[in-house]
Amino acid sequence: MASAQEIMQRMQEIQAAREAAAKPLIEILVKRQELQRELAELDEPYGRAFAEAEAASWTAKELKALGAEEPEKRPKSPRRTKRAAAKKAAPETTPSASSATSPADTIPARGHTTEATDASAGGVSG
(Lines give C-alpha, C1' and ligand atoms only; values in the text may rest on other atoms or scores of the structure.)
Protein backbone atom coordinates (compact mmCIF):
# COMPACT_ATOMS: atom_id res chain seq x y z
CA MET A 1 0.00 0.00 0.00
CA ALA A 2 1.16 3.53 -0.87
CA SER A 3 1.81 5.98 1.85
CA ALA A 4 0.15 9.40 2.04
CA GLN A 5 3.47 10.95 1.11
CA GLU A 6 3.78 8.79 -2.03
CA ILE A 7 0.21 9.68 -3.07
CA MET A 8 0.88 13.38 -2.55
CA GLN A 9 4.11 13.07 -4.58
CA ARG A 10 2.26 11.39 -7.45
CA MET A 11 -0.53 14.03 -7.33
CA GLN A 12 2.06 16.85 -7.53
CA GLU A 13 3.72 15.18 -10.56
CA ILE A 14 0.36 14.91 -12.32
CA GLN A 15 -0.49 18.52 -11.46
CA ALA A 16 2.92 19.74 -12.71
CA ALA A 17 2.41 17.90 -16.02
CA ARG A 18 -1.03 19.46 -16.37
CA GLU A 19 0.34 22.94 -15.66
CA ALA A 20 3.15 22.43 -18.17
CA ALA A 21 0.61 21.40 -20.81
CA ALA A 22 -1.59 24.44 -20.11
CA LYS A 23 1.27 26.99 -20.09
CA PRO A 24 1.57 27.39 -23.93
CA LEU A 25 -2.21 27.62 -24.21
CA ILE A 26 -2.34 30.35 -21.58
CA GLU A 27 0.47 32.31 -23.28
CA ILE A 28 -1.32 32.11 -26.64
CA LEU A 29 -4.64 32.98 -25.00
CA VAL A 30 -3.18 36.16 -23.51
CA LYS A 31 -1.60 37.15 -26.85
CA ARG A 32 -4.87 36.37 -28.65
CA GLN A 33 -6.88 38.54 -26.26
CA GLU A 34 -4.41 41.39 -26.77
CA LEU A 35 -4.72 41.13 -30.56
CA GLN A 36 -8.52 40.99 -30.36
CA ARG A 37 -8.49 44.16 -28.26
CA GLU A 38 -6.21 45.89 -30.78
CA LEU A 39 -8.45 44.76 -33.65
CA ALA A 40 -11.54 46.06 -31.84
CA GLU A 41 -9.82 49.44 -31.45
CA LEU A 42 -9.44 49.56 -35.24
CA ASP A 43 -13.12 48.90 -35.94
CA GLU A 44 -14.23 52.53 -35.61
CA PRO A 45 -11.41 54.13 -37.67
CA TYR A 46 -11.82 51.37 -40.28
CA GLY A 47 -15.57 52.00 -40.54
CA ARG A 48 -14.97 55.74 -40.80
CA ALA A 49 -12.34 55.27 -43.53
CA PHE A 50 -14.65 52.92 -45.44
CA ALA A 51 -17.51 55.44 -45.22
CA GLU A 52 -15.18 58.23 -46.40
CA ALA A 53 -14.14 56.12 -49.38
CA GLU A 54 -17.81 55.55 -50.22
CA ALA A 55 -18.45 59.28 -49.88
CA ALA A 56 -15.65 59.83 -52.39
CA SER A 57 -17.66 57.77 -54.96
CA TRP A 58 -16.25 54.29 -54.26
CA THR A 59 -18.90 51.60 -54.08
CA ALA A 60 -18.84 48.86 -51.47
CA LYS A 61 -18.46 46.36 -54.31
CA GLU A 62 -15.39 48.18 -55.67
CA LEU A 63 -13.84 48.40 -52.23
CA LYS A 64 -14.49 44.70 -51.69
CA ALA A 65 -12.73 43.96 -54.98
CA LEU A 66 -9.72 45.82 -53.57
CA GLY A 67 -9.78 43.50 -50.55
CA ALA A 68 -11.60 45.76 -48.11
CA GLU A 69 -14.29 44.02 -46.14
CA GLU A 70 -17.47 45.90 -45.33
CA PRO A 71 -17.04 47.15 -41.76
CA GLU A 72 -19.09 45.69 -38.95
CA LYS A 73 -19.28 49.08 -37.27
CA ARG A 74 -20.11 52.15 -39.27
CA PRO A 75 -19.50 55.62 -37.93
CA LYS A 76 -22.31 57.01 -35.87
CA SER A 77 -24.26 59.63 -37.73
CA PRO A 78 -25.82 62.51 -35.87
CA ARG A 79 -29.30 61.67 -34.66
CA ARG A 80 -32.00 63.18 -36.78
CA THR A 81 -35.36 64.06 -35.40
CA LYS A 82 -38.52 63.29 -37.33
CA ARG A 83 -38.93 66.99 -37.98
CA ALA A 84 -35.41 67.30 -39.41
CA ALA A 85 -35.94 64.22 -41.58
CA ALA A 86 -39.25 65.56 -42.89
CA LYS A 87 -37.72 68.96 -43.54
CA LYS A 88 -34.88 67.36 -45.49
CA ALA A 89 -37.27 65.14 -47.47
CA ALA A 90 -39.47 68.08 -48.49
CA PRO A 91 -37.31 71.20 -48.41
CA GLU A 92 -39.08 74.51 -48.20
CA THR A 93 -39.21 76.33 -51.49
CA THR A 94 -39.27 80.05 -51.75
CA PRO A 95 -41.86 81.36 -54.21
CA SER A 96 -40.40 82.86 -57.33
CA ALA A 97 -41.21 86.42 -58.35
CA SER A 98 -43.58 85.25 -61.07
CA SER A 99 -45.63 82.94 -58.84
CA ALA A 100 -45.66 85.14 -55.75
CA THR A 101 -48.76 87.14 -55.04
CA SER A 102 -48.30 90.64 -53.82
CA PRO A 103 -50.34 92.09 -50.96
CA ALA A 104 -52.05 94.36 -53.52
CA ASP A 105 -53.46 91.26 -55.24
CA THR A 106 -55.08 89.95 -52.08
CA ILE A 107 -56.08 93.19 -50.35
CA PRO A 108 -58.58 95.34 -52.26
CA ALA A 109 -57.80 99.03 -52.67
CA ARG A 110 -59.72 101.56 -50.58
CA GLY A 111 -62.92 102.89 -52.02
CA HIS A 112 -63.22 100.01 -54.48
CA THR A 113 -64.19 97.26 -52.06
CA THR A 114 -67.95 97.68 -52.23
CA GLU A 115 -68.10 98.08 -55.98
CA ALA A 116 -65.84 95.11 -56.62
CA THR A 117 -67.80 92.94 -54.22
CA ASP A 118 -71.17 94.04 -55.61
CA ALA A 119 -70.07 93.57 -59.22
CA SER A 120 -68.60 90.13 -58.60
CA ALA A 121 -71.66 89.05 -56.60
CA GLY A 122 -74.01 90.22 -59.34
CA GLY A 123 -75.40 92.99 -57.21
CA VAL A 124 -76.51 96.39 -58.45
CA SER A 125 -74.73 99.48 -57.25
CA GLY A 126 -76.99 102.30 -56.38
note = Over segment 1-16, the set of residues open to solvent by less than 80 Å² (accessible area, probe 1.4 Å) and not in a helix (DSSP H, G or I) is Ala2, Ser3
ask   = Here is a list of conditions, (1) of a type in the set (Gly, Ala, Ser); (2) farther than 18 Å from Pro75 by Cβ; (3) loosely packed, with under 11 Cβ neighbours inside 10 Å, and Ala55 meets all of them except one; can you say which number that is?
value = (2)
message = If I go through segment 22-35 residue by residue, how many of them are among the basic types (Lys, Arg) and open to solvent by less than 100 Å² (accessible area, probe 1.4 Å)?
response = 0
message = Among the residues that make up segment 16-33, is at least one of them more than 46 Å from the chain's Cα centre (by Cα) and polar (S, T, N, Q)?
response = no
message = Among the listed residues Glu19, Glu38, identify the single one that is of a type in the set (Asp, Glu), surrounded by 10 or more Cβ atoms within 10 Å (Cβ to Cβ) and either in a helix (DSSP H, G or I) or modelled with pLDDT of 95 or more (or both).
response = Glu19
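The values are calculated or read from the model by the stated rules, or taken from the named source; none is laboratory data. Owing to the predicted nature of the structure, the values given are computational and were not obtained by experimental measurement. All Cβ positions, glycine included, derive from the backbone under ideal geometry; neighbour counts span all protein chains shown. Keep in mind that these areas ignore ligands, DNA and RNA; they rest on the heavy atoms of the full protein, side chains included. Shrake-Rupley method; radii C 1.70, N 1.55, O 1.52, S 1.80 Å.
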